[in-house]
Every structure is written in structure tokens, then in C-alpha cells.
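Trainee: Mind looking over this structure? Questions follow.
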Amino acid sequence: MLDFDLAEMYAVETRVLNQAVKRNIERFPADFMFQLSKEEWILISSQFVMTSRVKRPKSSPPFAFTEHGALMLSSILRSEIAVETSINITRAFVRIRQNLTLLSIPMKLSELEHRITDLSKEVNDILRDQNDINEETRVQLDAISTALAELQAKPKEEKPRRRIGFIQDDK
């Protein structure tokens, strides 16, 4: 995947993603990430109708990430979505490993079908939970913006101020 696609997926700007990669370059060996050459970038952007060509100058070709690089990105980015994605990817790998262990044990086809059904339900539950978290965040942000709007609309009460300095008694 290219850097601007991953930036959109992780809900960060492309420049922020690339800056995080450059600051942590030791975490991205050649089999995790590489930068396209200018010729490759021109060929790719001329092959497909892409808005990214307009957004990115030809002088700076994008980074391309393998699946391992995309996972590593989620560990260096600071956005909430990156953290959620990292957790979900880790859980998926753990589940795959557990299921591979189970597959090494002779099992009836019906048991295997049952396990696959359970796994698909768990994946759907994880996705639903992630959507619920995103919805909760949206609701909280709406409440905050409503409260801020109310505070801005509320007229400021002026208290009578006590005069400072010498006050002459007019009696």
C-alpha cells in the first residue's frame, strides 16, 4: 500500500505518516517499506486515474509498505485509530496462530466448520465494537461542541466594578 492510502486509513496526514517513518526508519527494513523511484511513480500515476498525483508533486515519490510495514506503522503512529488497528491486527494474528495449532490436530469437518463460524462471529463482533467506539467518540465530540456553542452564546454577566484609587466623599 502507498503512504497516502495508509495515511487515510489511519486518519493522519500523509506528511505526518512520512515524518513518523523517517523518525523511526530503523523499524522499516527493506522488506517492510521502500520508496518508489520517480519512474515507477510516473508509471503508476499515469496507469490509473488517481487524485494523489495532484496532491503529491512528482519530485517526491511515495513510500510503499508491505503488510509488515503497515503493521509497524500502527505501532509508531499516535492516532486513536492507529492504536485500535494495531490491537485488531495483533488479535487477528493470535487467532490465526491458535487456529493453525488446532488444524494440526486431526479434526472432523463439522468441528472445523463450527470453529470457522465462531471465528467469523468474533470478527464481526470486533468490527461492531470498533464501530461502537467510533460512534461513542462522535457522540462525545458532538456533546463537547454543543457545550462550547452554548458557552459562546451565553452573554457575559458584567459585575459592577469597585473603583480603584482615591475616592472623595461628597457629603
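Laboratory data are not the source of any read-out in this text; all were calculated from the coordinates shown. What you are looking at is a predicted structure, and each value in this text was computed from that prediction instead of being measured. Glycine also receives a Cβ, built like all others from the backbone with ideal geometry; neighbour counts cover every protein chain displayed.
Trainee: For Met1, Met72, what ranking results if the residue with the fewest other Cβ atoms within 10 Å of its Cβ goes first? Write out the running numbers ahead of the final one.
Mentor: Details: Met1 17, Met72 20.
Taking fewest neighbouring Cβ atoms as first place, the list is Met1, Met72.
Trainee: Kindly state, to the nearest 0.05, the FRET efficiency for Glu136 paired with Ile167, given R0 = 41 Å and r defined as their beta-carbon distance.
Mentor: For Glu136 and Ile167, the calculated efficiency is 0.10.
Trainee: Sort Arg78, Arg27 so that the residue with the fewest other Cβ atoms within 10 Å of its own Cβ comes first and the one with the most comes last.
Mentor: By the 10 Å Cβ count, ascending, the order reads Arg78, Arg27.
Trainee: Follow-up question, since we're still on this one. Calculate, for Lys121 and Thr90, the FRET efficiency according to 1/(1 + (r/R0)^6) with r their C-beta to C-beta distance and R0 22 Å; round to the nearest 0.05.
Mentor: Once rounded, the FRET efficiency stands at 0.70.
Trainee: Extension gain Asp31-Ala149, at 0.36 nm per residue separation less the Cα-Cα distance, in nm?
Mentor: 37.5 nm
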